[in-house]
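The values are calculated or read from the model by the stated rules, or taken from the named source; none is laboratory data. Only a predicted model underlies this, so the values are computations on that prediction, with no experimental measurement involved. Cβ sites come from the backbone with ideal geometry, for glycine too, and all protein chains shown count toward neighbours.
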Amino acid sequence: MLQKRTATFDRLLGHIEGLPVIDGHEHMMGPEYLLRFGEPIAALIAGYVSHDLLSAGLDNQQLAVLQDESVATADKWPLFESYWQRCQHTAYARVTKLVMRDVYGEQEMSLPALERIGEQLPDRDPAYYRKLMTDAQIRCVITDALGWPPGDFGAFLRGEQVFESGWHPVVPLPFFHVLPHHEQSARDWRGIQQIAAWANRPITSLDEFEAAVFEILRLAKSRGALALKDQFAYNRTLAYAVASKGDAEPLFNRLLNNPNAALGWPEAKPLDDYLFHQYMRFARELDYPVQLHTGHMAGSFNRVDKANAALLAPVLELHRDVRFDLFHGNWPYMGDILFLAKNYSNVALNLTWLYIIDPIYAQNMLERAVMTVPHSKIHAFGGDYTDLPERALAHLKLARHVMAAALSNLAEKGWLEEAEAQHIAGQWLFDNPKRFFGLDHL
Ligand SMILES: [Zn+2]
């Protein structure tokens, strides 16, 4: 519990639990792609909690052992238990506990509990997945699933990979960056040829590359893609300078001149900056909202200062006709992102992932956002999980508690009437993302 239970909290939670939800960000392909596990520790640590195990000191080889389904649960248990004990009170671990309790009826982590869970693991199927989502009132899912298997962006463009009704894919922008250290990008000849193949036209110059990207984005829109999504804050700074084509083109030509060439960082920055601004122009022309990762990054040993949304100010300022959906509360830089949302009419806040990064921060952010940012600009939920629906729904459960805590706090302090608090919750979870993403059919 994040809040002392009060009558107001209970009433608001009850109201929020009945509200329909637009899930503003997942990495799910949908019910047919349900991830299945044959061993309970591997199953339970799939997702973010493994990052807290690493943060607690587990090393990558040890993690590989815990993930190995051929290692017996009893053999892994001593290693798992020693690290679980260290991180079991984090919000990531809370998701694991909620899944254990709500899905498997187990109240505590123990070897016998894991062995009972192991017996239930093979039961999951797509119908179960659909029912979970429906029971949780999720009316539609905006999903970034085409960037890695089983997603296949090329097949999607050809109309061969389709999503179930209610599932809306976004275009992964990482494909179109030109930076090293990212498998999917156009960092070299191979990546550029992949884009040429998707656009079904040759690329022999920077102009042709840009035209090919535009054609792909246009085609993706015609196949139902709802937004552009970028998470390159993992790999570079969010400071995208307005770069001249004169600075960008020689770098691109180096890739064309030699199939073995690849650009390094920071030398590739002018080209990558130039292209990013081009993509924002394409977003304007094709009327795509743009979803951007900001703040905290999954995994470890990354740098969060380069991912601070404050660095995006020149992009937000310049591309005023593009609607930006900034992710994750910019954790830990809350003030910076509240400023951006207050200051720029083209910025909305998407709290995807935030409730399991830091639920108290999420609660504070919602309370402060009510007072600082028009409530029409908040997209309150995204689970940010792959095809592990139980995790996303445990996250949603926690998110609903956090929303009820924030709104009941404001109601009890006299800032909001209870009816106003209820109205805001409905806007946050459904009406705002519906309008922002043009989901008129809902
Ligand atoms: Zn994500």
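For this structure, a couple of remarks:
- Residue match in segment 383-390 (condition: part of a helix (DSSP H, G or I) and polar (S, T, N, Q)): no
- Yes/no for Leu66 being touching a Lys or Arg at 6+ places or on another chain (Cβ under 7 Å), surrounded by 14 or more Cβ atoms within 10 Å (Cβ to Cβ) and closer than 21 Å to Ala362 by Cβ: no
- The listed residues are Ile41, Ile45, and the only one of them that is crowded, with 21+ Cβ neighbours inside 10 Å, more than 30 Å from Pro169 (Cβ to Cβ) and modelled with pLDDT of 95 or more turns out to be Ile41.
- Residue within segment 265-272 that is in a helix (DSSP H, G or I), within 25 Å of the chain's Cα centre (by Cα) and at pLDDT 95 or above present: yes
- Some residue of segment 269-285 being in the same structural domain as Ser185 (by TED's automatic domain parsing) and farther than 21 Å from Ala186 by Cα: yes
- If the condition is being assigned to a helix (DSSP H, G or I) and either more than 29 Å from Ala309 (Cα to Cα) or among the charged types (D, E, K, R) (or both), then segment 175-211 contributes Trp189, Arg190, Gln193, Gln194, Ala196, Ala197, Trp198, Ala199, Asp207, Glu208, Glu210.
- Some residue of segment 152-169 being assigned to a strand (DSSP E or B), charged (D, E, K, R), at pLDDT 95 or above and out of contact with any His (no Cβ under 9 Å at 6 or more places or on another chain): no
- Hey, Ser82 part of a helix (DSSP H, G or I) and within 16 Å of the ligand (Cβ to nearest atom) or not: no
- Qualifying positions in segment 345-367 - surrounded by fewer than 19 Cβ atoms within 10 Å (Cβ to Cβ) and either hydrophobic (A, V, I, L, M, F, W, C) or over 27 Å from Tyr48 (Cα atoms) (or both): Ser345, Asn346, Ile360
- Residue check: Leu132 meets all listed conditions (1) surrounded by 21 or more Cβ atoms within 10 Å (Cβ to Cβ); (2) hydrophobic (A, V, I, L, M, F, W, C); (3) under 28 Å from Asn432 (Cα atoms) but one, namely (1).
- Total residues in segment 307-351 satisfying the condition of being within 16 Å of the ligand (Cβ to nearest atom) and charged (D, E, K, R): the figure is 1.
- Among the residues listed as Val171, Val162, the single one being out of contact with any Gly (no Cβ under 8 Å at 6 or more places or on another chain), among the aliphatic types (A, V, I, L, M) and surrounded by 14 or more Cβ atoms within 10 Å (Cβ to Cβ): Val171
- Flag if Glu26 is crowded, with 24+ Cβ neighbours inside 10 Å and either over 17 Å from Met133 (Cβ atoms) or within 16 Å of the ligand (Cβ to nearest atom) (or both): yes
- Test set (1) of a type in the set (S, T, N, Q); (2) closer than 24 Å to Ser222 by Cβ; (3) more than 16 Å from the ligand (Cβ to nearest atom) - Thr143 fails condition number: (3)
- For segment 219-236, the set of residues classified as more than 15 Å from the ligand (Cβ to nearest atom) and either assigned to a strand (DSSP E or B) or of a type in the set (A, V, I, L, M, F, W, C) (or both) consists of Leu219, Ala220, Ala225, listed by residue number.
Each row is one residue, and each column tells you yes or no for (1) crowded, with 20+ Cβ neighbours inside 10 Å; (2) under 23 Å from Leu292 (Cα atoms); (3) polar (S, T, N, Q).
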| residue | (1), (2), (3) |
| --- | --- |
| Phe214 | no, yes, no |
| Lys221 | no, yes, no |
| Phe232 | yes, yes, no |
| Asn235 | no, yes, yes |
| Ala241 | no, yes, no |
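- Yes/no for Asn257 being surrounded by fewer than 22 Cβ atoms within 10 Å (Cβ to Cβ), over 20 Å from His25 (Cα atoms) and over 23 Å from the mean Cα position of the chain (by Cα): yes
- Residue check for Leu251: of a type outside the set (S, T, N, Q), part of a helix (DSSP H, G or I) and in contact (Cβ under 8 Å) with a residue 60 or more places away in the chain: yes
- Counted residues, segment 286-306 - those being assigned to a loop (DSSP other than H, G, I, E, B), of a type in the set (Val, Ile, Thr) and within 15 Å of the ligand (Cβ to nearest atom): 1
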